[in-house]
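J.: Can you keep this structure in mind? I'll have questions shortly.
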């Protein structure tokens, strides 16, 4: 009779340590995840340049990331876009944002946004220059040309 | 009194299974979306639109005045980069003088660095920016090698050179 009662009692494992461990893992992944990486087209093969330094804006600057493939096509979050209208639209939005902050852009003044150019190493200059000129026409002056510090896998 | 005691003694048992389910789902999401990207470097530049070179301004006082009014009076050093059929560097000129001919390898880039250093390192150097005239077919990778050498130069006030402009070479420039 006593055996029967012990068989019927439900086994209740202590889940607290397991839950602790899972929460620690979640915390780790939350800290290392970077949603901004979605803006970077990882299919591009960037040039290798030893003196290229990692981007350090200290959170002060806004970035306009332009992925340009070997054929000169601009990709935004994986979608091909026409550079002219896209850059004009971004510049307009930036100007409106500055205006709403009470610091409107004076005529001829440069935009504080940094244009980050991630171009494939095989992109011909004439195609790249079209994008740079479009940015300059919309008062972008700060540029960052992306490159890898060393070849991947080395 | 007896009733209160019996209540406080009753154990509160939270069902952790559902919380654990949710935590595992969150964990699965983060594991699946985690993709460590390689650390990318960059060259930071201030790229104003190309302006007439200094020698043109000196010859044309009206152009010089217009440039001064628009705040674009920086003395400009001109570097021309020519490309071969594959889009690699074939030769580089600094102010119409050949810096090197052949590929942009370590030795040739060192020659270019020396030429630019000679122009910038002299006391009271007038140059404040570089205009790079680039062959249209030059590949981005090759251009970056030249830009890298240019950004290593320092202006007369000891500041790292950041003002660089690009100009696409015309057909007549390439024939020179």
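Please treat every number below as a calculation from the coordinates, not as lab data. Worth saying up front: this structure is predicted, and the values here are computed from it rather than measured. Because the Cβ atoms are built from the backbone with ideal geometry, glycine has one as well, and the counts that use them run over all protein chains shown.
J.: What does the structure give for B:30-39 when I average, per residue, the other chain Cβ atoms found within 10 Å of the residue Cβ?
T.: Per-residue shielding by partner chains comes out at 5.
J.: Mind ranking B:12-19, B:103-110 by how tightly packed they are, going by the mean number of other C-beta atoms within 10 angstrom, highest first?
T.: Order by mean packing, descending: B:103-110, B:12-19.
J.: Determine, for each peptide in A:86-99, B:131-144, the mean count of other beta carbons within 10 angstrom over its residues, then list the peptides with the highest first.
T.: Per-residue Cβ counts within 10 Å, averaged per peptide and sorted highest first, yield B:131-144, A:86-99.
J.: Here is a follow-up. Using label points projected 7 Å from each Cα along Cα→Cβ, tell me how many nm separate residue A:133 and residue B:98, to one decimal.
T.: 3.0
J.: Provide a whole-number value for the mean count of partner chain Cβ atoms within 10 Å of the Cβ atoms in peptide A:124-135.
T.: 5
J.: Same structure, new question: Going by average Cβ neighbours within 10 Å, how do the peptides A:116-123, B:89-96 rank, with the highest at the top?
T.: So the peptides A:116-123, B:89-96, ranked by packing, come out A:116-123, B:89-96.
J.: When the Cα centres of the stretch A:81-154 and the stretch B:97-144 are compared, how far apart do they sit, in Å?
T.: One Cα centre to the other: 25 Å.
J.: At 7 Å along Cα-to-Cβ for each site, give me the label-to-label distance between residue A:31 and residue A:16 in nm.
T.: 2.4
J.: Count, for each residue of A:44-54, the Cβ atoms from other chains sitting within 10 Å of its Cβ, then give me the mean as a whole number.
T.: For this peptide, the per-residue mean of nearby foreign Cβ atoms is 5.
J.: I've got another one for you. May I ask you to derive the relative contact order of the stretch A:37-145, considering only C-alpha pairs under 8 Å and at least 6 residues apart, and to give it as an integer percent?
T.: Reported relative contact order: 35 percent.
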